[in-house]
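The values are calculated or read from the model by the stated rules, or taken from the named source; none is laboratory data. Note that the coordinates shown come from a computational prediction; the quantities given were computed from them, not determined experimentally. Neighbour counts are summed over all protein chains in view; Cβ atoms, including those assigned to glycine, are modelled from backbone coordinates with ideal geometry.
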Amino acid sequence: MALWGGRFQSGSSDMFKQVNDSLPFDYVMASQDIFGSIVWSRALKKAGVLSSDEQSQIEQTLALLSDDIETGKIDVSASSEEDIHSFVEAYLTDTLGDLGRKLHTGRSRNDQVATDFRLWVRTHLKGLKQDCLNLIEALLNCAQREKETIIPGYTHLQRAQPVYFAHWCLAYVEMLKRDVSRIDDLSERLNQCPLGSGALAGTTFAVDRYEIAETLGFNGPCLNSLDAVSDRDFVLELLFVASTSMMHLSRLAEDLIFYNSGEAGFLQLGDDVTSGSSLMPQKKNPDALELMRGKCGRVFGHLQALLVTMKGLPLAYNKDMQEDKEGAIDTVNQWHICLCIGVEVLNSMSLNQARCRKAAQQGYANSTELADYLVAKNIPFRTAHDIAGKAVVAAIAQNCALEEMSLDDFKAIHEDIGDDVYACLSLEAVLNKRNQLGGTNHQCVLSALAKEVKNLDAVKRSGA
Ligand code: ARG
């Protein structure tokens with residue numbers, strides 16, 4: 001039964017229902033719609049619209065509906081109602097007759113949907129924050145397990161300077177910490193309650209909007225009714241925060257796909273997160289990581305789609321805005337899945353330390369050290385850079401590493417190079433010289449790791 005039949009002489013066409021109905025996807029907001037409806041019925045009682053008895057009948061009926069949905073006795077998604085709001089009201093009217101028809105007094109689906117969706121996003125942000133924290137924990141565990149492992153660091157995907165693998169893990173921890181802080185910011189900003197704004201101009205009934213907001217767990221009511229029903233910034237922000245986090249996951253995935261390649265061979269992925277080829281028996285493909293990378297496309301698309309949908313919409317509510325849901329629901333699902341599979345990938349992968357070390361030693365990654373060594377001999381850096389470059393050319397010609405060149409060969413390149421150059425060129429020396437805050441010196445990395453473990457502990461103890 002439609003909520004708005006009075007003005008119409010014939011029903012909707014099938015095609016109109018297809019374009020118009022949102023129940024096939026907004027049924028996921030059932031519990032939020034029921035919660036909001038209960039709180040609205042209490043506000044109506046206080047405003048003198050419902051008697052105590054009427055309100056308690058409504059509240060009990062809605063509570064029963066909520067139980068039946070939770071236990072699976074009622075499958076909301078199978079209903080042919082227009083949307084979740086119509087569904088809940090229809091159930092109430094079916095059960096309570098005319099009393100059910102009183103609930104919508106002073107309320108509009110416009111303030112209702114804005115309220116429900118904020119509640120829905122708020123709930124899911126809590127879960128997603130936990131997912132981010134779990135991935136941070138997996139990265140810290142990985143760093144702990146591999147705290148001695150050295151890998152080549154890259155710029156332009158050319159071996160640049162060696163780093164500890166734990167340093168790499170901690171880089172992604174920083175990104176995820178920013179994702180978490182964006183989730184926190186958004187959770188705070190979206191926490192304003194539209195309910196009581198009516199269709200667009202406010203409600204005529206004497207409801208206490210502060211109390212409604214508080215009971216629904218909001219920090220306060222939205223202050224302008226036009227804005228309250230037409231604002232979807234919180235959905236856009238969700239999509240942006242998710243997109244940024246997915247971009248981080250995609251970079252993590254890309255690094256690991258490369259480290260896992262036959263060419264690099266730095267690590268092995270677990271059997272539980274890889275798949276085989278139907279044709280080539282030897283293959284073990286990094287599908288989980290490829291999908292972490294690949295799912296960015298749709299998530300970024302959802303952000304773009306909603307920006308375009310919202311652009312140029314006149315105030316206040318327009319049906320275009322119903323298009324905010326499918327992309328956001330999909331985004332929340334995909335982001336959640338990717339954060340969780342990231343944990344599984346990290347937990348089950350194993351590093352090939354010897355191969356990592358060998359790769360870190362190759363590629364003349366210590367030539368900056370040779371330049372720095374010459375700087376210590378009072379040669380200007382630009383000149384030292386030039387000399388070190390010549391040494392690299394000489395080593396390439398001999399098909400050896402810098403540290404494998406003889407002292408005579410070094411002397412031929414520059415007379416100031418002495419025996420002490422070899423100590424400077426060792427892998428550990430190269431790493432440990434980077435001992436300022438944020439560098440890859442072993443002590444720096446270990447103390448950064450310890451700090452992050454402590455931070456995470458504190459966040460967990462505070463109940464996230
Ligand atoms: N299903 C709608 C949505 O998701 C609910 C609001 C409908 N309001 C209206 N006046 N038709 O946006």
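Could you identify the single residue in VAL332, VAL308 that is farther than 25 Å from GLY127 by Cβ, at pLDDT 95 or above and among the aliphatic types (A, V, I, L, M)?
Every option except VAL308 fails the conditions.
Would you please list the contacts, defined by Cβ atoms under 9 Å and residues six or more apart or on different chains, that run from a residue in the stretch 25-41 that is under 15 Å from ASN110 (Cα atoms) and aromatic (Phe, Trp, Tyr) to a residue that is in a helix (DSSP H, G or I) and more than 14 Å from the ligand (Cβ to nearest atom)?
TRP40/ILE212
Counting only residues that are free of Cβ contacts under 8 Å to residues at least 24 places away in the same chain and either within 13 Å of the ligand (Cβ to nearest atom) or buried (at least 19 other Cβ atoms within 10 Å of the Cβ) (or both), how many does the stretch 101-129 have?
Looking only at that region, the number is 0.
With the checklist (1) more than 12 Å from the ligand (Cβ to nearest atom); (2) among the small types (Gly, Ala, Ser); (3) farther than 16 Å from LEU249 by Cβ; (4) not in a loop (DSSP other than H, G, I, E, B) in hand, flag the one item GLY312 doesn't pass.
(4)
When you go through (1) surrounded by fewer than 15 Cβ atoms within 10 Å (Cβ to Cβ); (2) modelled with pLDDT of 95 or more one by one for GLN362, which number turns out not to apply?
Single failed check for GLN362: (2).
Kindly check whether there is at least one residue in the stretch 351-374 that is free of Cβ contacts under 8 Å to residues at least 12 places away in the same chain and in a loop (DSSP other than H, G, I, E, B).
Looking for residues that are free of Cβ contacts under 8 Å to residues at least 12 places away in the same chain and in a loop (DSSP other than H, G, I, E, B), one finds none in the stretch 351-374, hence no.
Return the pairs, sorted by first residue and then second, in which the second residue is among the small types (Gly, Ala, Ser) and at pLDDT below 95, the first residue lies in the stretch 175-196 and is farther than 19 Å from PRO221 by Cβ, the beta carbons are less than 8 Å apart, and the residues are 6+ apart or on different chains.
none
Would it be correct to say that SER12 is modelled with pLDDT under 95, of a type outside the set (A, V, I, L, M), under 21 Å from MET321 (Cα atoms) and within 16 Å of the ligand (Cβ to nearest atom)?
Here the answer is yes, as SER12 does meet what is asked.
Of the conditions (1) closer than 30 Å to ASN399 by Cβ; (2) assigned to a helix (DSSP H, G or I), MET321 satisfies every one except a single condition; which number is it?
Exception for MET321: condition (1).
Away from the ligand (no atom under 16 Å from the Cβ) and free of Cβ contacts under 8 Å to residues at least 40 places away in the same chain: is that true of ASP75 in this structure?
Here the answer is yes, as ASP75 does meet what is asked.
So which pairs qualify, if the first residue must be in the stretch 201-223 and of a type in the set (S, T, N, Q), the second must be in a loop (DSSP other than H, G, I, E, B), the Cβ gap must be under 6 Å, and the two must be at least 6 apart or on different chains?
What qualifies is THR203/GLY106; THR203/GLY196; ASN219/ASN191.
With respect to the numbered conditions (1) surrounded by fewer than 19 Cβ atoms within 10 Å (Cβ to Cβ); (2) of a type outside the set (Lys, Arg); (3) in contact (Cβ under 8 Å) with a residue 12 or more places away in the chain, which one is the sole condition not fulfilled by TYR317?
(1)
Being within 15 Å of the ligand (Cβ to nearest atom), of a type outside the set (Ser, Thr, Tyr) and buried (at least 19 other Cβ atoms within 10 Å of the Cβ) is the filter here; which residues of the stretch 78-100 pass it?
Within the stretch 78-100, GLU81, GLU82, ASP83, ILE84, HIS85, PHE87, VAL88, GLU89 meet the criteria.
Being surrounded by 12 or more Cβ atoms within 10 Å (Cβ to Cβ), without any contact (Cβ under 8 Å) to a residue 12 or more places away in the chain, within 47 Å of the chain's Cα centre (by Cα) and not in a helix (DSSP H, G or I) is the filter here, so list the residues in the stretch 393-433 that pass it.
CYS400
Quick one: which residue in CYS142, CYS132 is touching an Asp or Glu at 6+ places or on another chain (Cβ under 8 Å), in contact (Cβ under 8 Å) with a residue 60 or more places away in the chain and either among the basic types (Lys, Arg) or away from the ligand (no atom under 16 Å from the Cβ) (or both)?
Unique residue meeting the criteria: CYS132.
Which residue, of ALA228, ALA160, is buried (at least 22 other Cβ atoms within 10 Å of the Cβ), small (Gly, Ala, Ser) and in contact (Cβ under 8 Å) with a residue 12 or more places away in the chain?
ALA228
Return the residue satisfying two criteria in turn: it lies in the stretch 366-376 and is out of contact with any helix residue (DSSP H, G or I) (no Cβ under 7 Å at 6 or more places or on another chain) and surrounded by 15 or more Cβ atoms within 10 Å (Cβ to Cβ), and of such residues it is modelled with the lowest pLDDT.
So the residue we want is THR368.
Yes/no matrix, rows are residues, columns are (1) assigned to a loop (DSSP other than H, G, I, E, B); (2) loosely packed, with under 11 Cβ neighbours inside 10 Å; (3) among the aliphatic types (A, V, I, L, M):
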position: LEU3; (1), (2), (3): yes, no, yes
position: GLY11; (1), (2), (3): yes, yes, no
position: LYS17; (1), (2), (3): no, no, no
position: PRO24; (1), (2), (3): no, no, no
position: TYR27; (1), (2), (3): no, no, no
position: SER31; (1), (2), (3): no, no, no
position: PHE35; (1), (2), (3): no, no, no
position: VAL39; (1), (2), (3): no, no, yes
position: ALA43; (1), (2), (3): no, no, yes
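From the list VAL273, VAL299, VAL241, VAL235, which residue is modelled with pLDDT under 95, in the same structural domain as ASN191 (by TED's automatic domain parsing), touching a helix residue (DSSP H, G or I) at 6+ places or on another chain (Cβ under 7 Å) and closer than 26 Å to ASP179 by Cα?
The unique qualifying residue is VAL273.
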